[in-house]
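Structure record follows, encoded as structure tokens.
The numbers here are math on the coordinates, done by the rules we state, and not lab data. Bear in mind the structure is a predicted one, so any value in this text is a computation, not a measurement. Counting neighbours? That spans all protein chains shown, and the Cβs are built from the backbone with ideal geometry, glycine included.
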Amino acid sequence: MKRLISTAEQQAQKRFGTSTRATSFYTKQVLDHLNPTMQQFIARQEMVFIATADANGSCDCSFRAGVPGFVQVLDKHTLAYPEYRGNGVLASVGNIMENPQIGMIFLDYFQSTVGLHVNGTARVLSPDEIAGLPHLPASMVEAAQLKKGRRPEAWIVIDVEEAYIHCSTHIPLLKRLDKQIDWGSDDDSSKGGNYFKTKQAPKP
């Protein structure tokens, strides 16, 4: 693919002497779409880390999780994931509304210990808007039609611009343990409560 490499990226490669290695990586590993193997990888994942920034460049990194395949592959150029009721801050959603650029990384801690970077642009759609899109997976149609329970408050739709591997060398292989997850709970203790002891701390 013809990847638009930032000037700063090129400067960093020159400074650290990695230009040749970087060129090889771009040529061999970076795609402008999700190939079938990448699509199958995403369909197995239960978590993803997402990075966004507002119009001024202030960054936020967040975490999303769900049942395997909660990030839906709509086609080789498009992903979608649900936004559920949370703490009400909506930092990622707000950033996307100002600046559509998004970075995602899927890390497989339990099988391959490989990661997948997906970068692109995102938009925020309501459940009604997402239901109007053609060729949706049945699970997305059902979720959009829910009137109560764990109904997405919005969907984030990502237009994929590049996808590439994160090598497995330093990704740990973890053992899965059972955990009862009360999706959408308002119980403070089940969400971590005052784990970091911030409630009584002086506020800026």
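Can you compute the FRET efficiency between Gln111 and Thr198 using 1/(1 + (r/R0)^6), with r the Cβ-Cβ distance and R0 = 45 Å? Round to the nearest 0.05.
On the way: r = 36 Å, r/R0 = 0.80.
The value I calculate is 0.80.
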List the DSSP H helices in the chain whose Cα atoms stretch 18 Å or more along the helix axis and whose mean Kyte-Doolittle hydropathy is at least -0.5. none
Calculate, in nm to one decimal, what Gln11 and Ala138 gain on full extension: separation in residues at 0.36 nm each, minus their alpha carbon distance. 41.1 nm
Of the trypsin sites (Lys or Arg not before Pro) in region 86-187, which ones lie in a loop per DSSP and count no more than 12 other C-beta atoms within 10 Å? Lys147, Lys148, Arg150, Lys175, Arg176, Lys179
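Between Gln29 and Ile181, what length in nm is gained on full extension when 0.36 nm per residue of separation is reduced by their alpha carbon distance? Please list the in-between numbers first.
Numbers: separation 152, 0.36 × 152 = 54.72 nm, distance 3.60 nm.
Full extension from Gln29 to Ile181 adds 51.1 nm.
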Read through the labelled values [x] 50, 40, 29; [y] 53, 50, 39; [z] 57, 45, 33 and report the label of the one computed as Cα extents along the principal axes in Å from the structure. [y]
Cβ-based charge dipole, the chain, positive-most Cα from Val124, Gly57, Ser139: Gly57
Packing-based exposure ordering (other Cβ within 10 Å, fewest first) of Ile171, Ile158: Ile171, Ile158
Just how large is the dipole of the chain about the Cα centre, in debye to the nearest 20, putting +1 at every Lys and Arg Cβ and -1 at every Asp and Glu Cβ? 600
What distance in nm lies between label points placed 7 Å from Cα along the C-beta direction at Leu74 and Cys167? 3.5
